[in-house]
Every structure is written in structure tokens, then in C-alpha cells.
1. Quick one: how many residues across the range 206-227 are at pLDDT 95 or above and buried (at least 17 other Cβ atoms within 10 Å of the Cβ)?
2. Filter the range 180-205 for residues that are part of a loop (DSSP other than H, G, I, E, B) and either among the basic types (Lys, Arg) or farther than 20 Å from Leu145 by Cβ (or both); which is most open to solvent (accessible area, probe 1.4 Å)?
3. Scanning the range 52-70 for residues that are among the small types (Gly, Ala, Ser) and at pLDDT 95 or above, which turns out most open to solvent (accessible area, probe 1.4 Å)?
4. How many residues, within the range 131-172, are over 20 Å from the mean Cα position of the chain (by Cα), touching a residue at least 40 places away in the same chain (Cβ under 8 Å) and open to solvent by 40 Å² or more (accessible area, probe 1.4 Å)?
5. Confirm whether Thr78 is open to solvent by less than 50 Å² (accessible area, probe 1.4 Å) and polar (S, T, N, Q).
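The values are calculated or read from the model by the stated rules, or taken from the named source; none is laboratory data. Just so you know, these numbers come straight off a predicted model, no measurement behind them. Positions of Cβ are backbone-derived with ideal geometry, glycine not excepted, and every protein chain shown enters the neighbour counts. These area figures cover heavy atoms from the full protein model, side chains too; ligands, DNA and RNA do not enter into them. Shrake-Rupley method; radii C 1.70, N 1.55, O 1.52, S 1.80 Å.
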Amino acid sequence: AVVSTQSTGDIGEAMGVKTTAVITEMDTPIGYTIGNSIEIEESLESIKGNGPVDLEHIVSVQAGILLVNAGIAPDLDTAEAMIRSKFRDGSALDAFLAILRNQGVEEKMAELLRQGSYEAVMGKASHVEVVHAKRTGYIEAVDALALGKAAILFGCGRQVPGDKIDHTAGIRLLKTKGNKVIEGEAILEVYHNGSLTENTLQKIKGAFTIGEECRPIKRILKIIGDN
């Protein structure tokens, strides 16, 4: 990954474009949601300053790099703080809602999103399946690829062209890599409209590895480029 990323950076620099690459840990889902509507919900909560720590971190770093490369911020720490301040003071949300209005979204819908009335805008799945921890310990791994593939099977994506996407279907992690769990504790919720099979549910359950070692997420692995 480092070699490939360095090559991409070299191409950008050769064309006169200041280029910085961020290598991230992608084995674990970013944030807590997988699915169309619930990812939008999580994104909106993030730009309100209420999002998952790892999601806010990766966004702040990548957006901060843009500010540094554009000469708007003197260094990455300052740039990250600038980005986070926009989440906290409401200006990031204001800017996003302005984009929606400019694209024809009704004022009523924009205000419902501002208020956090997400189900009123995007709907809600009719079924919720809760997955519980099989044992006490630490979540050592959450297989993002396995969860993504499983989510497609009950409507979150298309298996073939023409498949209808269920925008209310999805997976919400209640616990993630590095968290301690107790046997029987709820660790995940699956939202669906009757299309979740037992086979798919077993695939979802199998995405979690619970053991004795605490392995927190290290979302940013390496930044390649001079900041």
C-alpha cells in the first residue's frame, strides 16, 4: 500500500499538484453504521459534532491536509482544530444544508434533518435483529468486508444491475474493535424489511472476533507527504 500510494503521490507532484496521501486502517468499519439511510444519519450527526471518534478523526485529518496544502493553515494540528470547530459551531451543518437547498431539497426536509428527525425524511425498517456477544472479552476484530458483503444480501446494495436498493436496511454496530463486552451483551443491530435470512445473519455474527486482547482502532496508519 505504501509503495502504491507513494507512486500516486509522485505522479501528482510531477504534474505540479501538491499531493498528500493518507493510509488508513480499513479492516474495521469506519464509525458504527453500514447502510444508506443510517450512514447519512451518522454523517449528519458527525458534522454536528456528535459523531464517532474515529470518523471525526479521519475526516479532520484529511480535510486538514487540504487546508495545509492550500496554504490556509500553517500546520496539520491547527488545521484539524479548524475543521473540528466548524463541527461544533454549527457552520458545517449550515453549509451542508445550503448545498441541499441549492439542489432542490425542500426547506421542510432540510429543517427535519437539522432537527435530527431522520426517520421522517428517510423512513425506517420494519424489523430489527439484535446480535449478542457469544462470550466475555474484548472485540479484537470486526471484519468490514464480511459485513459489507452481508449487507448487500438484504438490500443495502445491488448483487446484479437492476436490483432494488432498500435505503432503510443496514447494520449498526453497538460495539466495535477495542471495546470490552460481556457475554449476552448486545453488540450489533440489523435493520431489514423481512429479507434477512438465517444464513446472512450467521455471516454477520461471524464478522466479530472476541478474545482476551484489547486492540483499539488505529485509523490513521501513515501520512505520506510533507505537511
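1. Result for the range 206-227: 3.
2. Pass one, the range 180-205, residues part of a loop (DSSP other than H, G, I, E, B): 182-185, 193-197.
Next, only the ones that are either among the basic types (Lys, Arg) or farther than 20 Å from Leu145 by Cβ (or both) stay: 182-185, 193-195.
On the way: Ile182: 104, Glu183: 123, Gly184: 43, Glu185: 54, Asn193: 68, Gly194: 55, Ser195: 54 Å².
So, considering only residues that are part of a loop (DSSP other than H, G, I, E, B) and either among the basic types (Lys, Arg) or farther than 20 Å from Leu145 by Cβ (or both), the one most open to solvent (accessible area, probe 1.4 Å) is Glu183.
3. Top of the filtered list is Ala63.
4. Here the count works out to 5.
5. no
Rundown of residues vs (1) free of Cβ contacts under 8 Å to residues at least 60 places away in the same chain; (2) not small (Gly, Ala, Ser), yes/no style:
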position: Val3; (1), (2): yes, yes
position: Ser7; (1), (2): yes, no
position: Glu13; (1), (2): yes, yes
position: Thr24; (1), (2): no, yes
position: Tyr32; (1), (2): no, yes
position: Ser46; (1), (2): yes, no
position: Ile58; (1), (2): no, yes
